[in-house]
Structure formats: C-alpha cells, structure tokens
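Engineer: Below you'll find the structure I mean.
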Amino acid sequence: MVAVHRCTVMFTDQPRHFFHFHGIGGQLVCEHYSAAVDGNHLYLIIHNIDGIRTQRCQLIISRLAASHGIHVIASIDHINASLVWDHKITLNFNWLTFDATTFESYNIETAHEGSLALQGTTGASSSGGLVLSGLLHVTESLTRNARACFRLLVEDHMDDDDVGGDDVGMSFTELYRRCREKFFVNSELNLRAHLTEFIDHKLLLMRKNPDGGDYLQVPLDRAVLAEYLEQD
C-alpha cells in the first residue's frame with residue numbers, strides 16, 4: 001500500500017463573538033485588527049495545525065481566529081485531528097473545511113518511519129543510545145500528563161516482563177481507568193489525544209483484540225525503557 005498525502009485545508013469563517021485575552025499583547029493585536037476600517041486584515045497560515053499539541057497554544061490561536069479582522073488558514077494531516085480541540089476551541093475557530101488530499105507519496109516524511117521502533121527491538125547496544133535519545137526528544141515536547149500516561153504503560157510493560165508471561169499489552173479501558181484515577185486525563189478523547197504522538201512515532205502500538213477492545217503495547221527494548229524510566 002502506498003501512503004499518500006491526506007490533507008484537509010480549513011478556513012475560519014466570520015466569527016460571531018469576540019474573545020478577550022488575559023495577556024495585554026494578544027488583546028492589543030485583536031483590538032488593532034478588529035478596529036481596522038481600511039481592510040487591513042491579518043491572515044495566519046499554519047501548516048499541520050494538529051501538530052501543535054499543547055492546549056494553551058491551540059486556545060490562543062483559536063482566540064485570534066475568533067477576532068474580527070484576523071483569519072486562519074490551516075491544514076491538518078491526521079484523520080482524528082479534531083480530537084485536539086474541545087468544544088470551546090472548535091466554536092472559536094468556526095472552520096470551513098475542504099478536502100485537499102494530493103495523493104503524493106510521503107517520501108520525505110517517512111524517510112525514517114519506523115526506525116525508532118525497529119532499532120529498539122534489536123537489542124543492539126549501538127542503537128540503544130540513539131533510540132533512547134529519540135524517545136527523550138519526543139517526550140520532552142509533550143505535556144506532563146501525556147508523559148505520565150506513557151510512563152504508566154512502560155511500567156506495566158516492565159512488570160509483565162518480570163513475571164515472564166506473554167505481553168499482550170494493556171487495554172485502553174484499563175489505561176484510561178488508571179489515568180483518570182491519577183487525574184492525568186478527564187475523558188477518553190483526552191487520553192487518545194495524549195497517545196497520538198507516541199503512536200505516530202511508533203513508540204506505541206495499538207491493536208484490537210478478538211473481543212473488539214483496543215490494546216496498547218510498547219515495542220521497545222527493555223534496556224532502553226529501563227534507562228528511560230531513570231531519566232524521565
């Protein structure tokens with residue numbers, strides 16, 4: 001199967017409300033373009049807006065988009081990109097969406113696809129440091145709660161190895177229960193959003209069991225994961 005560029009281009013529609021910023025800088029920007037009468041509009045063009053993982057950044061951009069005189073043109077790559085936004089942010093953006101799939105191959109984007117997971121399963125010491133470095137680099141860019149969710153999976157994976165049984169992974173339902181108990185997430189959608197980055201980088205595998213439930217596995221070498229737990 002050949003991977004192709006799946007892309008949706010979105011434009012913010014004319015907003016019906018004006019949202020105030022807590023910071024004076026953002027407030028001044030909104031007021032400037034809202035008061036412009038000479039057609040002086042600001043257009044923000046964002047490639048792969050679903051790649052911006054922090055909720056605060058998405059909220060700030062959505063508030064800009066909700067201001068008169070400011071417009072956002074953005075593309076999304078992931079089919080579940082809308083999970084990044086809650087109801088309030090979605091209302092702020094007020095998107096008009098267009099399918100702009102190009103059907104071009106992901107030659108550049110997938111040049112190193114899967115390398116992190118493949119190297120992590122070889123157990124070779126020469127690649128272990130590279131895998132660990134890549135793992136730390138990915139997790140450093142994520143929120144504390146996202147890292148905490150992943151850490152629960154890693155610890156469960158290590159415990160299964162100690163027992164010596166077959167590691168079938170942790171069910172999504174069980175992970176959600178544990179994360180909710182520790183106040184890492186407040187909904188299943190929130191948890192799926194946290195896991196997206198790990199799945200995209202092949203640090204986490206999600207598969208369905210015969211019972212139809214989602215199960216999560218960490219496909220990395222035990223030594224790499226042990227070092228990660230010490231450094232995280």
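The values are calculated or read from the model by the stated rules, or taken from the named source; none is laboratory data. These figures come from a predicted structure and were not determined experimentally. Cβ coordinates were reconstructed from backbone atoms using ideal geometry, including for glycine residues, and neighbour counts include every protein chain displayed. When the accessible area is computed, the model is the full protein with side chains, heavy atoms only, and any ligands, DNA or RNA have been set aside. Shrake-Rupley method; radii C 1.70, N 1.55, O 1.52, S 1.80 Å.
Engineer: If Thr54 satisfies every condition in (1) farther than 24 Å from Ser187 by Cα; (2) modelled with pLDDT under 85 but one, which is the exception?
Structural biologist: Of the numbered conditions (1) farther than 24 Å from Ser187 by Cα; (2) modelled with pLDDT under 85, the odd one out for Thr54 is (1).
Engineer: Out of region 36-77, which residues are open to solvent by 60 Å² or more (accessible area, probe 1.4 Å) and polar (S, T, N, Q)?
Structural biologist: Correct list: Asn40, Gln55.
Engineer: Moving on. So which residues in region 178-226 are loosely packed, with under 13 Cβ neighbours inside 10 Å and touching a strand residue (DSSP E or B) at 6+ places or on another chain (Cβ under 8 Å)?
Structural biologist: Answer for region 178-226, where residues must be loosely packed, with under 13 Cβ neighbours inside 10 Å and touching a strand residue (DSSP E or B) at 6+ places or on another chain (Cβ under 8 Å): Arg207, Lys208, Asn209, Gly213.
Engineer: Which numbered condition trips up Gly169, out of (1) surrounded by 17 or more Cβ atoms within 10 Å (Cβ to Cβ); (2) at pLDDT below 90; (3) out of contact with any helix residue (DSSP H, G or I) (no Cβ under 7 Å at 6 or more places or on another chain); (4) under 26 Å from Gln55 (Cβ atoms)?
Structural biologist: Tallying (1) surrounded by 17 or more Cβ atoms within 10 Å (Cβ to Cβ); (2) at pLDDT below 90; (3) out of contact with any helix residue (DSSP H, G or I) (no Cβ under 7 Å at 6 or more places or on another chain); (4) under 26 Å from Gln55 (Cβ atoms), Gly169 fails exactly one: (4).
Engineer: Based on this model, can you work out whether Leu229 counts as of a type outside the set (Val, Ile, Thr), within 19 Å of Arg144 (Cβ to Cβ) and open to solvent by less than 30 Å² (accessible area, probe 1.4 Å)? It would help to see each step written out before you state the result.
Structural biologist: On the way: of a type outside the set (Val, Ile, Thr): yes; within 19 Å of Arg144 (Cβ to Cβ): yes; open to solvent by less than 30 Å² (accessible area, probe 1.4 Å): no.
When the stated conditions are applied, Leu229 does not pass them.
One line per residue, one yes/no per condition, for (1) touching a helix residue (DSSP H, G or I) at 6+ places or on another chain (Cβ under 9 Å); (2) within 18 Å of His137 (Cα to Cα); (3) not in a loop (DSSP other than H, G, I, E, B):
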{"residue": "Val185", "(1), (2), (3)": "yes, no, no"}
{"residue": "Thr196", "(1), (2), (3)": "yes, yes, yes"}
{"residue": "Lys202", "(1), (2), (3)": "yes, yes, no"}
{"residue": "Tyr228", "(1), (2), (3)": "yes, yes, yes"}
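Engineer: Consider only pairs whose beta carbons are under 9 Å apart and that are at least six residues apart or on different chains; among these, list those whose first residue lies in region 84-105 and is under 13 Å from Gln55 (Cβ atoms) and open to solvent by 70 Å² or more (accessible area, probe 1.4 Å) and whose second residue is of a type outside the set (S, T, N, Q) and assigned to a loop (DSSP other than H, G, I, E, B).
Structural biologist: From region 84-105, no pairs qualify.
Engineer: Return a yes/no flag: does region 169-183 have any residue that is in a loop (DSSP other than H, G, I, E, B) and either farther than 25 Å from Leu136 by Cβ or among the β-branched types (Val, Ile, Thr) (or both).
Structural biologist: For region 169-183, residues in a loop (DSSP other than H, G, I, E, B) and either farther than 25 Å from Leu136 by Cβ or among the β-branched types (Val, Ile, Thr) (or both): absent.
Engineer: Cβ-Cβ below 7 Å, separation at least six or inter-chain, first residue in region 191-202 and of a type in the set (Phe, Trp, Tyr), second assigned to a loop (DSSP other than H, G, I, E, B): which pairs?
Structural biologist: As it stands, the answer is Phe198/Leu204, since those pairs meet every condition given.
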